[in-house]
Amino acid sequence: MRELTAPNAFPGVNPWLDVPNRAPFVLPADKPYIDAFNGTLDEGNSAHRIDTNVPPGPFAGHLDAPVVILLANPGWDERDQAEQCAPGNLRVILEAITTEGGTPAWPLTDQFATTAAGQWWSRRTRDLAVEVGADVLANRLLLIELHGYHSRGWIAPPVTFPSQHFGFELVRSAMDRGALVIVGRCPRYWHAAIPGLRDFGNKIDGLASSRSAHLSRGNLKGNFDKVVAALRT
């Protein structure tokens, strides 16, 4: 792994520089833990099994974005493997997690508008897009997952995968620069992983419905205008 040295890059070692460019998309450091986790699941439990045939999405967006949303892990759709492994799309997805300083949040870009991931995010950011435009969202929203691997349903692994620590550092960096942090899902896990996050002042702690993760007027519980203002700053 190499150091990130660009002037505006996140200062640290990005483990995702070692991500394979073909399936299975799993970091060598994470593989023993993911294999062990999948091995603990009942044979019929496909909902929580981690699928390494879909490229990982631990984060998406510019690493210095003014608005950061904390989530659980990338979901799963039967279309994901074909859509995200298409050569042009795969290149963009892998560049998103290996480029110094990040890239526009790919699920919010025109290239992915008709994909399952793009449609999922479009539904959840529709109200914000009306206010600031989809291009602003792609460039000023940073999406960070608790871990970066896909599964149909969320269940917290009993151990922390090595790669998760980079995501935790991205959150600490966001707090240091005073970004607006939205704890969209799994607040208990995020608060445990990031000391000081619970008391961080520029934070929206939870959504009216964390399961849906909609960044809508109603789901942001009176904080919608605050998010719009931060995106426009």
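The values are calculated or read from the model by the stated rules, or taken from the named source; none is laboratory data. It should be emphasised that the depicted structure is a prediction, and the values quoted were computed from it without experimental measurement. FYI the Cβ positions are ideal-geometry reconstructions off the backbone, even for glycines, and counts take in every protein chain you see.
Is it true that R126 is over 14 Å from the mean Cα position of the chain (by Cα), surrounded by fewer than 16 Cβ atoms within 10 Å (Cβ to Cβ) and within 20 Å of N21 (Cα to Cα)?
no
Would you pick out the residues in segment 36-82 that are within 23 Å of A116 (Cβ to Cβ), among the charged types (D, E, K, R) and surrounded by fewer than 16 Cβ atoms within 10 Å (Cβ to Cβ)?
E78, R79 - these are the residues of segment 36-82 that are within 23 Å of A116 (Cβ to Cβ), among the charged types (D, E, K, R) and surrounded by fewer than 16 Cβ atoms within 10 Å (Cβ to Cβ).
Looking for whichever is touching a residue at least 24 places away in the same chain (Cβ under 8 Å) and over 19 Å from P66 (Cβ atoms) here; the options are R123, R177, R140. Which one fits? Let's see the steps before the verdict.
On the way: R177 fails: over 19 Å from P66 (Cβ atoms); R140 fails: over 19 Å from P66 (Cβ atoms).
Of R123, R177, R140, the one residue that is touching a residue at least 24 places away in the same chain (Cβ under 8 Å) and over 19 Å from P66 (Cβ atoms) is R123.
I'd like to check something: does segment 24-31 contain any residue that is charged (D, E, K, R), farther than 16 Å from W106 by Cβ and buried (at least 21 other Cβ atoms within 10 Å of the Cβ)?
To start, the set of residues in segment 24-31 that are charged (D, E, K, R) comprises 30-31.
Next cut, farther than 16 Å from W106 by Cβ only: 30-31.
Still in the list and also buried (at least 21 other Cβ atoms within 10 Å of the Cβ): 30.
Within segment 24-31, one or more residues are charged (D, E, K, R), farther than 16 Å from W106 by Cβ and buried (at least 21 other Cβ atoms within 10 Å of the Cβ).
Scan S210, S163 and give me the residue that is touching a Gly at 6+ places or on another chain (Cβ under 9 Å), hydroxyl-bearing (S, T, Y) and at pLDDT below 95.
Every option except S210 fails the conditions.
Being in contact with a Leu (Cβ under 6 Å, 6 or more places away or on another chain) and either at pLDDT below 95 or not acidic (D, E) (or both) is the filter here; which residues of segment 91-123 pass it?
Scanning segment 91-123 gives T98, G101, G102, A105, L108, W121.
Taking the residues in segment 26-50 that are in a loop (DSSP other than H, G, I, E, B) and farther than 27 Å from L94 by Cα as candidates, determine which candidate is modelled with the highest pLDDT.
The qualifying residue modelled with the highest pLDDT is L41.
Which condition breaks for W76 when tested against (1) assigned to a loop (DSSP other than H, G, I, E, B); (2) more than 30 Å from D176 (Cβ to Cβ); (3) free of Cβ contacts under 8 Å to residues at least 40 places away in the same chain?
Only one criterion in (1) assigned to a loop (DSSP other than H, G, I, E, B); (2) more than 30 Å from D176 (Cβ to Cβ); (3) free of Cβ contacts under 8 Å to residues at least 40 places away in the same chain is unmet by W76, namely (3).
Filter segment 123-155 down to the residues that are among the aliphatic types (A, V, I, L, M) and either touching an Asp or Glu at 6+ places or on another chain (Cβ under 6 Å) or not in a loop (DSSP other than H, G, I, E, B) (or both) and list them by number.
Result: L128, A129, V130, V132, A134, V136, L137, A138, L141, L142, L143, I144.
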